[in-house]
Amino acid sequence: MASLVGSRVERKEDKKLLTGRGKYTADVNFIHQTYAYFVRSPHARAEIKKVDISKASKAPGVVAVLTGADIANDKIGGLIAGWRIKSEDGSDMKVPAHPPLANESVNYVGDHVAVVIAESLDEARSAADLVKVDYKILKAVVKTKDAMDSEQIYKDIPKNMCFDWLLGDRAKVKEAFEKADKVIKIDIINNRLIPNAMEPRAANADYNPSTEEITLYTTSQNPHLARIIISAFNGVAPENKLRVIAPDVGGGFGSKIYPYAEEVVCSWAAKKIERPVKWVADRTESFLSDCHGRDHVTHAELAVKNDGTFLGFKNETIANIGAYASVFGTVTPTYLFGPCATGVYKMPAAYTNVKAVYTNTAPVDAYRGAGRPEATYTIETLVEKAARELGMDPAEIRMKNFPTEFPYQQTLVHSVDSGDYNAGLKKVMELGEYESFEKRKKESESRGKLRGIGFCTYFEACGIAPSPVVMMLGCGIGLWESAEVRFNPTGNVTVFTGSHSHGQGHDTTFAQIAADQLGVPIESIEIAHGDTDKGPFGYGTYGSRSLTVGGTAIVKACDKIVAKGKRVAAKMLEVNEDEVDFNNGEFVVAKSNKKKTIGEVAFACYLPGTYGEVKSPLPDGEEPGLKETSFFDPANFSFPAGSHICEVEVDQDTGETKVVKYTAVDDFGTIINPLIVEGQVHGGLAQGIGQALYENCHYDNSGQLITASYMDYTMPRADNFTDFNLGFTCTPATSNPLGTKGCGEAGAIAAPPAVMNAVIDAIGTEISMPATAEKVWTACNKKNKNSEAA
Amino acid sequence: MKIFNYHSAKDVKEASKLSSSRSAFLAGGMTTIPSMKLGLASYKDIINIKGIKKLSGIKISGKKVTIGSTTRHAEVANSKEIKKAIPSLSALAEGIGDPQVRNRGTIGGSIANNDPAADYPSACIALNAVIHTNNRKIDAEKFFRGMFETSLKSGEIIESIEFAIPQKSSYQKYPNPASRYAIVGVYVAKHKSGVNVAVTGAKSCVYNDKNLSDILSKSFSADAINNTKISASGMNSDIHASADYRANMVKVFC
């Protein structure tokens, strides 16, 4: 049987998803279903004086109206920050209480105040208008840059600062900068984004009073984590009495990694009223209350020699984490950001200092790339500026500073196992026709347009992650992954994974792996995930981890199956175990024609004895059945890398900027399914280009979210893009047996600096993201005026 | 969405009779329904006029193009007759919203709503349109009164819009990248009687830029307005575009 790894197998799940046969949380209905509608704060910051539910409680169809006081009375715990960060001075991060329903104060527009549960959604929504909340409105803190010098939001958190974190060595950096010929500086903003998964968040909780069990359907990237948090921290039900199911989920991009207030409230309320409670976010609620992404203000400096050699790097960043510290809200701007901020380069000295601040905005957490896009944008715009100031070619300055020996121990944290950055950059220059750029530029000029070119060479640390390492760094959980491979008696296979597919294509990729490992046709393999009652505990899908960590667990479980299969086959074939080899689904005895297929062996495992024609005694001491579980904790992160080149065209009259050529060469190690990987790169690029040119979350000075619908939040559309020209290089990862590196986030990491470097090249002046038409037009005008004045 | 009574009117007379200060006529529903869903609007009665046959259709006669009020954008965009008579008008219709909107949204709904960033109002001004209602005929210049405001009275229904076929015309817009409504749209039409430069998106209501119209009436060339300054005064300023940017775009598109 030909190997399926590496082939463009069409996605098995698409038939279901594209024909409307998927089953999403909103599709689930229980008998006696009730519907929840949340009363949310219309103010960015206010004290709650009184919540009057008397009218709402009597409204038609209303089953219950529950408030922060109720949830406090029932001693339901608050939402948690999952990663403990320490400040440079050794002190612990400061975290405000985050009750699922606000009790004393509200801290962003959309904050949860009460829930109305009714027989229909319309009745719940109408009654919600009757909940009277008496607010004392307070001045809101909105701007990232000013947060430390504004009103103090929480009594015990001076300067609104969660932590002041340092990674690196300030003294060494100072020394390095003293030796520099030149210091390049940038001040940049990494614009705040709203994730906008296609399926809005939803929850439907059912409580069975006789068994005291709660079943929670939810839009989660990570049902096992949801269960342990809702159980152990919120205290809604013991873990054995809580089943969490994340059925088909329509995208997450990080925003659905962890449980929110709504899941906790629906589960608690279902138990309280002894009826199922369903909540489905409308799009406005998604804009208001999904965790947002990015939102950094950064000053960075690069010390260089005149020949382009990098000597040192400084990064001073203020990260807005919103009104509350979300589950991965504190690790995103620290350990996912700082270590990657020196880029792929040899950087003898470096530090990253991050001050994380609270503001009266929605919490900020992981969003596709989480910390690494921010890091890459910083270093890659800085490096390109260095090239401009030194008069060097942007490729040349990069190559000069690439490490070439692997494993390569970076200055800050990571020991990168494999890579070939020169090969990637050379390949992208060839594919992207770098040599003939001037010709294309002239052609654009002949049409009155400005054309610019921008590079990005990135690496990232993903496939999170080695549990001992992340726990040492403050992570409250481990990050290994599990798999269970279960042969059915008739020879087909179900593979349970602790990761979760919400668009990634696991049903296909994982089936390819299992098919190759077991020699079973891909049609005979089902991938199961998303139900805490079915498969073993796992840590879900995010951080480009499913394949490198979860896929490896599948390989290991398959190894165990094959090992047992050899013992059983040996007995069946009446030879010694060491005489049996396993190839392409067959246990064969060398230099003989004796063999048993894995299907026959599986059958034997389920019928261990003699019955009519069946003769399959198991070896002494062997347990019947054929099912194996593996838990895999990798020794290291995986380090995908790549080089992207973007070309943009700018209309000076209107400022309109278009990506006209985009070439990406990525190294994801071994590729299991090129079709799916290309899709991942396309999606990532769309989000990265979206951030660079279109998307921007905007709160006004009072903390009202202005971009709360698609009328104002620019989601890029297909006509905003050009064809993407993709290429790949391959240096297999050494930290997992498949040799794979994560690919899900790369596009979103690499594209913003590639696009912005191209825009800056085109218009000849620095500009912040997103490079909207007006901003580009204003920048062009300013530059033209300045040059006229000079 | 709040509960409402739904009526399907069989003719204009019935529709008008059913209407009140708490009702809305429904044709494409591309604005009315989302507003109701978002809780921005609620009505006692919704009166569907989509079933009234005489309100839909395209007629070309001599120097006029007449379009029934419930004619969908897609019909205008794809009409061979309009493409021939006023190609800029079918191009405008082709650029409204997205395919879903174009297949439901209607010309009457668009102009009755008079969104400051809608496309059709500029066509009405530039093409000297006459709006025919069940009671009277209204010149476009008098029809559009202010932001979401028209001279339509309660119970008055637009039946058709009659456009003058120009000698030359063009509609250019810079769409809001998020909503794709016009941040600025400029409709230039040259008639025997003179040139109209109608601008949408830039201010609180569509308007005829008399100054640009006069200059182009005297000399119909791009160079004629080279030295004309467009004032940003009174222009909209929001997160998508400042007044200065809009003023610039009026000139770029003119």
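Data table
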{"quantity": "Linear extension gain, A:Glu788 paired with A:Glu405, 0.36 nm per residue minus alpha-carbon span", "calculated": "132.9 nm"}
{"quantity": "Label point distance in nm, B:Ser219-A:Asp578, each placed 7 Å from Cα along Cα→Cβ", "calculated": "10.1"}
{"quantity": "Listed residue (A:Met572, A:Thr541, A:Ala515) projecting farthest to the positive dipole end of the range A:480-632, Cβ model", "calculated": "A:Met572"}
{"quantity": "Using alpha carbons only: equivalent-ellipsoid semi-axes of the range A:376-491, gyration tensor based, whole Å", "calculated": "40, 22, 15"}
{"quantity": "For the protein assembly as shown: span of alpha carbons on each principal axis (Å, largest first)", "calculated": "102, 75, 66"}
{"quantity": "Dimensionless Rg/Rh of the range A:480-632 - Kirkwood Rh, Rg from C-alpha atoms", "calculated": "1.01"}
{"quantity": "Amide H within-cut-off set for A:Thr34, under 5 Å, with H built and near neighbours excluded", "calculated": "A:Val277, A:Lys278"}
{"quantity": "Lysines whose Cα lies under 16 Å from that of B:Lys64, excluding same-chain neighbours fewer than 8 positions away", "calculated": "B:Lys80, B:Lys83, B:Lys84, B:Lys137, B:Lys168, B:Lys190, B:Lys192"}
{"quantity": "In nm, spacing of pseudo-spin labels at A:Lys615 and A:Ile706 (7 Å Cα→C-beta vector)", "calculated": "8.3"}
{"quantity": "R0 of 30 Å, Cβ-Cβ distance A:Thr19-B:Leu38: FRET efficiency to nearest 0.05", "calculated": "0.50"}
{"quantity": "Percentage relative contact order, chain A, counting C-alpha pairs under 8 Å, at least six apart", "calculated": "15"}
{"quantity": "B:Tyr6-A:Asp633 FRET efficiency (beta carbon distance; Förster radius 45 Å; 0.05 resolution)", "calculated": "0.15"}
{"quantity": "For A:Phe728, distant residues with modelled amide H under 5 Å away", "calculated": "A:Asp666"}
{"quantity": "Computed lengthening from A:His299 to A:His698, 0.36 nm per intervening residue step minus Cα-Cα distance", "calculated": "141.5 nm"}
{"quantity": "For peptides B:244-250, B:29-35, A:689-695, sequence by mean Cβ density within 10 Å, most packed first", "calculated": "A:689-695, B:244-250, B:29-35"}
{"quantity": "Alpha-carbon gyration tensor eigenvalues x 5, square-rooted, for the range B:56-253, Å", "calculated": "25, 19, 16"}
{"quantity": "Theoretical ellipticity at 222 nm over the protein assembly as shown - DSSP helices of four or more residues, -39500 (n - 2.57) apiece, nearest 500", "calculated": "-8000 deg cm²/dmol"}
{"quantity": "Label-point separation, A:Glu435 to A:Asn29 (7 Å along Cα→Cβ), nm", "calculated": "6.5"}
{"quantity": "Hull-based mean projected area of the range A:71-137, where the convex hull spans the alpha carbons, in square nanometres", "calculated": "7.1"}
{"quantity": "Cβ neighbours within 10 Å from other chains - mean over A:649-655", "calculated": "3"}
{"quantity": "Of A:Lys256/A:Lys627; A:Lys783/B:Lys251; A:Lys441/B:Lys203; A:Lys179/A:Lys400; A:Lys174/A:Lys741, those spanning more than 28 Å from alpha-carbon to alpha-carbon", "calculated": "A:Lys256/A:Lys627; A:Lys441/B:Lys203; A:Lys174/A:Lys741"}
{"quantity": "Residues whose placed amide H lies under 5 Å from that of A:Val660, excluding near-sequence neighbours", "calculated": "A:Glu647, A:Val648, A:Glu649"}
{"quantity": "Globularity ratio of the range A:653-773, using Cα Rg and 2.2 N^0.38 Å", "calculated": "1.24"}
{"quantity": "Likely footprinting exposure, A:His529, A:His32, A:His98, fewest C-beta neighbours within 10 Å first", "calculated": "A:His32, A:His98, A:His529"}
{"quantity": "Number of partner chain Cβ atoms within 10 Å, mean per residue of B:175-183", "calculated": "5"}
{"quantity": "Förster radius 56 Å - calculated FRET efficiency between A:Asp52 and B:Lys53 (Cβ-Cβ, nearest 0.05)", "calculated": "0.60"}
{"quantity": "Span-rule helices in chain B, defined as complete DSSP H runs reaching 27 Å or more along the axis (Cα) with Kyte mean at least 1.6", "calculated": "none"}
{"quantity": "Eligible aspartates and glutamates near A:Lys155 by straight Cα distance, threshold 13 Å, same-chain separation 8 or greater", "calculated": "A:Glu47, A:Glu104"}
{"quantity": "Of the DSSP H helices in chain A, those whose Cα atoms cover at least 27 Å axially and whose Kyte score averages -0.5 or more", "calculated": "A:552-573, A:674-693"}
{"quantity": "In order through the range A:619-625: 3J(HN,Hα) via Karplus (6.51 cos²θ - 1.76 cosθ + 1.60), integer Hz, x for Gly, Pro", "calculated": "x, 4, x, 7, 7, x, x"}
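Values in this text are rule-based calculations from the coordinates and carry no lab data. The structure presented is a predicted model; accordingly, all values stated were derived computationally and were not measured. Methodologically, a virtual Cβ is constructed for each residue, glycine included, from the backbone with ideal geometry; neighbour enumeration extends over all protein chains shown.
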